[in-house]
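Below you'll find the structure, written out as structure tokens, and then a few comments.
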Amino acid sequence: MQTARLSGSGAGARRANRGRETLWFYMLVSVVLLMLEAFGAGIPKQIRAYANDFVAPILYVLERPVRAVQGGLERLAGVGDIYVENQSLRQENERLIQWREAAMQLGRENDRLRQILKVPKREVPPAATARVIGVGGGTFERSVLVGAGSSDNVVQGYPVVDENGLLGRVIHAGRWTSRVLLVTDLNSRVPVRVERTGALAIAEGQNESFLRLRFLPRGTLVQVGDRILTSGHGGAFPPDLPVARVSEVDEEYIYLEPLGFLGQLDYVRIMAYQAVPDEDTVFSDEEEEPGE
Amino acid sequence: MSKVVSPMVSGGPIGFLPVTVTMFLAILMLLPIGSGVANITMPNLALISVFYWLSSRPLLMPYGACAAVGLGLDLWLNVPLGLNMLLLLLARLFVLGQLKHYKGRNRIVHWAVFAVMAVALYALSWVIMSVVNGAIWPIRPLAVQWLVTAFSYAPVAFLLGRLRRWAL
């Protein structure tokens, strides 16, 4: 009886030891991975991009009922306002028809002047239109996963917009999916200008629903409601894309409300714009040169 | 009269249920419910699931499974690799050490233990993120997610409990 108990406790101790060894092994792995990230030698970005490709089919299936429920709720909420909304849409449509005529006339005039002055066109063609299939980062990052990747000619660094304005840029491009870092992310810095005054500044993400305007020249007056556009400096984004609107000005900070519909992203447009070559391309070109 | 436990439970395919469910909940965390801005309010379902299964069936959620779920989350959420892996391993270490104190107690005690464990893990993740990025990370989003996760524990644990009674 005693032998059996002893052998039983021996097996328990062995199991506990093995458990402790396993724990330390995985702890060590996680600490090494974290140290690699801290010292900037993290895993290649492509591994993350392929990990997203792996989970994308599951997300495609799971997001359908979510979209259906969201759509149904929005429709239910909208039924009550349908008459008022219809009236305001009619009025808005009349105004837009007039604006359309004016815009077309200005566009034609702009084209003629560009031809005369030999100024190159600034339209950026879309690389792809994609659906948002997932979000990422939890509390640490503001990013979304979209259903278009390198197979759709999406490249790291491409700006992403919706019908209202700039949303962010592609940070990882997998085969079928890409991760888009939103302008509200803490690591997002967008060179911008104030539309009314032309003053240059930087719109910084805060991991919140708002942005902050920084590095504005001294003496620049900014008002609530001012539109903020990309300046095109640095080459990461094309100029004149709407980014945000000034929502609050206090003694210390200027707060911006993003114009892109970040709270209810559905479809997004990825723009084929890459004025400055990305560092991966530069490094891969440099690596190829000696072998040639 | 005690419930007859199938031999499949510990070693067979049903034994993988806790890991499979946790992995599924980890993927569910990526769904664009409200998209970009609202992702902050998505509770940490994987942490809830790991805590629940460790409190009820610790052998079915080994260290390897915690590490694998954590690694998957790190890759999918685009956070520093090793962060969620470390947090889930520490969660297992905590539960195995404290289980004797709260096993068999009522659900509110489980809830309180989870909330305390989660606050410690979120504080640690804040320190790690600040060190890895070399800058003080904002606390508010982290505090909001802890609150949402802590409040979500009860309904999610209730559903997991139903599933456990049905399957295991």
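Step through the residues of region B:85-97 one at a time and calculate ³J(HN,Hα) from phi using the Karplus curve (6.51 cos²θ - 1.76 cosθ + 1.60, θ = phi - 60°), rounding each to whole Hz and writing x for Gly and Pro.
3J(HN,Hα) across region B:85-97, in whole Hz: 4, 5, 5, 6, 5, 5, 4, 5, 4, 5, 5, 5, x.
Let's test the formula: R0 of 45 Å, r as the Cβ-Cβ distance of B:R140 and B:I14. What FRET efficiency results, to the nearest 0.05?
Values: r = 42 Å, r/R0 = 0.93.
Efficiency at R0 = 45 Å is approximately 0.60.
Residue by residue through region A:153-169, which ³J(HN,Hα) values in whole Hz follow from phi under the Karplus form 6.51 cos²θ - 1.76 cosθ + 1.60 (θ = phi - 60°), with glycine and proline marked x?
Taking θ as phi minus 60°, the curve returns 6, 7, 10, 4, x, 5, x, 10, 10, 10, 5, 9, x, 6, 9, x, 9 Hz for region A:153-169.
So who's got an amide H within less than 5 Å of the one on A:V192, skipping anything under 5 residues away but keeping other chains? H placed 1.01 Å off N, in plane.
For A:V192, whose amide H was placed from the backbone, the distant partners under 5 Å are A:A201, A:I202, A:A203, A:S231.
With the dipole of region A:96-154 worked out from charges on the C-beta (+1 for Lys and Arg, -1 for Asp and Glu) around the Cα centre, which of A:L106, A:V135, A:S150 lies farthest toward the positive end?
It is A:L106, whose Cα lies furthest towards the positive end.
For the pair A:E248 and A:A272, how long in nm is the line joining their label points, each one 7 Å along Cα→Cβ?
With each label point 7 Å from Cα toward Cβ, the separation is 4.2 nm.
Which cross-chain or sequence-distant (5 or more) residues have an amide H under 5 Å from the amide H of A:A127, H modelled 1.01 Å from N in plane?
Sorted by chain and number, the residues that satisfy this are A:I270, A:M271, A:A272.
Just want the ordering: A:E123, A:E92, from fewest to most Cβ atoms lying within 10 Å of their own Cβ. Numbers along the way, then the final one.
Numbers: A:E123 6, A:E92 10.
With the sparsest Cβ surroundings first, the list reads A:E123, A:E92.
Test of understanding: in a Gaussian network model of chain A with alpha carbons linked when under 10 Å, which of A:W99, A:W176, A:W24 would top the mean-square fluctuation ranking?
Its mean-square fluctuation being the largest, the pick is A:W24.
For chain A, take the longest principal axis of its alpha carbons; what is the angle in degrees between that and the long axis of helix A:82-117, to the nearest 10 within 0 to 90?
80
Which of rounded, prolate or oblate describes region A:12-132 when judged by the alpha-carbon gyration tensor and an a/c cut-off of 1.5? Walk me through the numbers on the way to the answer.
Values: a/c = 4.68, a/b = 1.82, b/c = 2.56.
Cα axes put region A:12-132 in the oblate bin.
Listing B:D74, A:D53 from the residue with the fewest other Cβ atoms within 10 Å to the one with the most, what is the order? Write out the running numbers ahead of the final one.
On the way: B:D74 25, A:D53 17.
Going from least to most buried by this count: A:D53, B:D74.
Convert each backbone phi in region A:177-185 into a coupling constant with the Karplus relation 6.51 cos²θ - 1.76 cosθ + 1.60 (shift: θ = phi - 60°), then list the ³J(HN,Hα) values in order as whole Hz, x for Gly and Pro.
Result, ordered by residue: 9, 9, 9, 10, 7, 6, 5, 7, 5 Hz.
Treating the angle as unsigned and between 0 and 90°, give the value, to the nearest 10°, between the Cα long axis of helix B:45-56 and the longest Cα principal axis of chain B.
30
Indicate the gyration tensor shape class of region A:217-271 (rounded, prolate or oblate), computed on the Cα atoms with a ≥ b ≥ c the square roots of the eigenvalues: a/c under 1.5 is rounded; otherwise a/b larger than b/c is prolate and the rest oblate.
Values: a/c = 2.96, a/b = 1.42, b/c = 2.09.
Oblate.
Would you please classify the overall shape of region A:72-190 from the alpha carbon gyration tensor, given that a ≥ b ≥ c denote the square roots of the eigenvalues, rounded means a/c under 1.5, and beyond that prolate means a/b larger than b/c while oblate covers the rest?
Working: a/c = 2.43, a/b = 1.12, b/c = 2.16.
The shape class here is oblate.
May I ask you to compute the full-extension gain from A:D240 to A:N93, defined as 0.36 nm times their residue separation minus their alpha-carbon distance, rounded to one decimal in nm?
On the way: separation 147, 0.36 × 147 = 52.92 nm, distance 2.48 nm.
Length gained, A:D240 through A:N93: 50.4 nm.
Amide H to amide H, which residues 5 or more places from A:L167 or on other chains are under 5 Å from it, using H placed in the peptide plane?
Distant-sequence amide H within range of A:L167: A:V160, A:V161, A:D162.
Say each of A:R75 and B:A123 gets a label point 7 Å from the Cα, pointing the same way as Cα to Cβ; how far apart are those two points in nm?
It works out to 4.9 nm between the two label points.
Fully extended, how many nm does the chain gain between A:F210 and A:H233 (0.36 nm per residue separation, minus their Cα-Cα distance)? Mind dumping the intermediate values first?
Details: separation 23, 0.36 × 23 = 8.28 nm, distance 2.18 nm.
Between A:F210 and A:H233, full extension yields 6.1 nm more.
To make sure I understand, if each residue's beta carbon is the centre and we count other beta carbons within 10 Å, what order do A:S30, A:S150 fall in, fewest to most?
On the way: A:S30 25, A:S150 17.
Neighbour counts put them in this order, fewest first: A:S150, A:S30.
Go through A:N207, B:V113, B:L142 and say which Cα lies farthest out towards the positive end of the charge dipole of the protein assembly as shown; charges sit on Cβ, +1 for Lys and Arg, -1 for Asp and Glu.
Of the candidates, B:V113 comes out farthest on the positive side.
Return the calculated 222 nm mean residue ellipticity for the protein assembly as shown, to the nearest 500 deg cm²/dmol, obtained by summing -39500 (n - 2.57) across DSSP H runs with n ≥ 4 and dividing by the residue count. It would help to have the intermediate numbers written out before the result.
Values: 12 runs with 243 residues, N = 460.
Computed ellipticity for the protein assembly as shown at 222 nm equals -18000 deg cm²/dmol.
FYI, it's all coordinate maths here, none of it is from the lab. Just so it is clear, the model here is predicted, and its values are computed rather than measured. All Cβ positions, glycine included, derive from the backbone under ideal geometry; neighbour counts span all protein chains shown.
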